[in-house]
1. Here is a check on your reading of the model: is Gln277 surrounded by fewer than 12 Cβ atoms within 10 Å (Cβ to Cβ), of a type in the set (S, T, N, Q), closer than 17 Å to Leu229 by Cβ and free of Cβ contacts under 8 Å to residues at least 40 places away in the same chain?
2. Only residues in segment 160-174 that are at pLDDT below 90 count as the first member; pair them with residues that are not in a strand (DSSP E or B), Cβ under 6 angstrom, at least 6 apart or cross-chain, and list the lot.
3. Pairs needed: first member in segment 186-200, more than 22 Å from Ala90 (Cα to Cα); second member anywhere, part of a loop (DSSP other than H, G, I, E, B) and of a type in the set (Asp, Glu); C-beta distance under 8 Å; at least 6 residues apart or different chains.
4. Can you tell me which residues in segment 161-181 are surrounded by fewer than 16 Cβ atoms within 10 Å (Cβ to Cβ) and under 17 Å from the mean Cα position of the chain (by Cα)?
5. Suppose we filter Val293, Val260, Val289 for residues that are surrounded by 15 or more Cβ atoms within 10 Å (Cβ to Cβ), modelled with pLDDT of 85 or more and in a helix (DSSP H, G or I); which single one remains?
6. Which of the residues belonging to segment 201-220 are free of Cβ contacts under 8 Å to residues at least 12 places away in the same chain and among the β-branched types (Val, Ile, Thr)?
7. Quick check on segment 240-257: of everything there that is surrounded by 14 or more Cβ atoms within 10 Å (Cβ to Cβ) and at pLDDT 75 or above, which residue is nearest to the chain's Cα centre (by Cα)?
8. For segment 158-174, give me each residue that is under 21 Å from Ile75 (Cα atoms) and not hydrophobic (A, V, I, L, M, F, W, C).
Amino acid sequence: MTDSFLQKRVQKYCFFLTCANFFVFFLYFNSFFLHLCYFFCNFAAEMELKVIAYARNGHSDKFGIPRQSREESPIVTRIVFEPEFCIPEALRGIDGFSHLWLVWGFSEVEKEQNANDKTTTNIVHNKVKSTFTWSPTVRPPRLGGNKRMGVFATRSPFRPNPIGLSSVKLLKVESRKTKDKSYSLELLVSGADLLDGTPIYDIKPYLSFTDSHEDAKNGFAEETKNYRLEVDWSKVEDRLNIVHNKVKHTLGLTKWKEEVSYILSQDPRPAYQDKPQREYKLDYSGYTVTFTVEGQTVIVQKIEKI
């Protein structure tokens, strides 16, 4: 076997080895690049939100929650901070503001599926993934449920990111030292349109000189902004006293009745349901209130302990 023949074999072997190494390197680099792309894509598609507090009130069910936060609402909501954020210094100066902004999550959004006009997005709540559906257009209840509007022109909960924003009135700041020498922090607010147990992600002060605009237009919401119903308790007045006396309610009868009257006056029914004989049930603060609506009057028909 000649030296030239061996040299050619070695050269050929080195060539194939070089090609193999290049191919392996290409696969490795390609895999690394794909993983990098996947990481950044997922990083961009997800957002980690920490729950700093939870809302606590009598709204145990979505039905009956005010459609908007309103200052005249008599309903008091407690914003109870999570242990990690029970730091009095974090609330220093907050009592100097009369109103606050609450940034919160639609924790009970129903996952409706419609392949034609819905897509899916992921959001991370305390590192727990949840899948929500949203639609480019929605049917605002106050428009009868038959007219579609763009989701970004409404306050529908079915949004790409199910996040809500409410303006509330600050009533009181409560800070208590517990037995283990840690702190318990709560904000008492009124006007919140929140379900009991709603996660709160952030709290910011409301500034009247920047957050209020006198010349603001209300779009299609202008038509129903002053819509109210009268509330008739006459059918259940005696029953209400009996039920309430059996259970020592924390709110007191007068306060409970005031809050329920406010909820009913807002007409919690879907706008497309207007049948005088139909009964509706509202669960609030330990009681189920059965009512009907005749014309512009809500008639309370029955009260039961839940």
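The values are calculated or read from the model by the stated rules, or taken from the named source; none is laboratory data. Keep in mind that this is a model prediction, so the values were computed, not measured. As a convention, Cβ positions derive from the backbone with ideal geometry for all residues, glycine included, and neighbour counts pool all protein chains shown.
1. In short, yes.
2. Taking only residues 6 or more apart or on different chains, the pairs are Pro162/Phe106; Pro162/Val109.
3. Between residues of segment 186-200 that are more than 22 Å from Ala90 (Cα to Cα) and residues that are part of a loop (DSSP other than H, G, I, E, B) and of a type in the set (Asp, Glu), the close pairs are Gly191/Glu71; Gly191/Glu72; Leu195/Asp61; Leu195/Glu108.
4. Going through segment 161-181, the residues surrounded by fewer than 16 Cβ atoms within 10 Å (Cβ to Cβ) turn out to be 161, 165, 171-181.
Asn161, Leu165, listed by residue number.
5. That would be Val260, the only listed residue that is surrounded by 15 or more Cβ atoms within 10 Å (Cβ to Cβ), modelled with pLDDT of 85 or more and in a helix (DSSP H, G or I).
6. Within segment 201-220, just Thr210 meets the criteria.
7. Filtering segment 240-257 down to residues surrounded by 14 or more Cβ atoms within 10 Å (Cβ to Cβ) leaves 240, 243-244, 249, 251, 255-257.
Add one more test, that the residue is at pLDDT 75 or above, and what stays is 240, 255-257.
Details: Leu240: 32, Lys255: 26, Trp256: 24, Lys257: 26 Å.
Going through the qualifying residues, I end up with Trp256.
8. Kept after step one, since they are under 21 Å from Ile75 (Cα atoms), are these residues of segment 158-174: 164-174.
Answer for segment 158-174, where residues must be under 21 Å from Ile75 (Cα atoms) and not hydrophobic (A, V, I, L, M, F, W, C): Gly164, Ser166, Ser167, Lys169, Lys172, Glu174.
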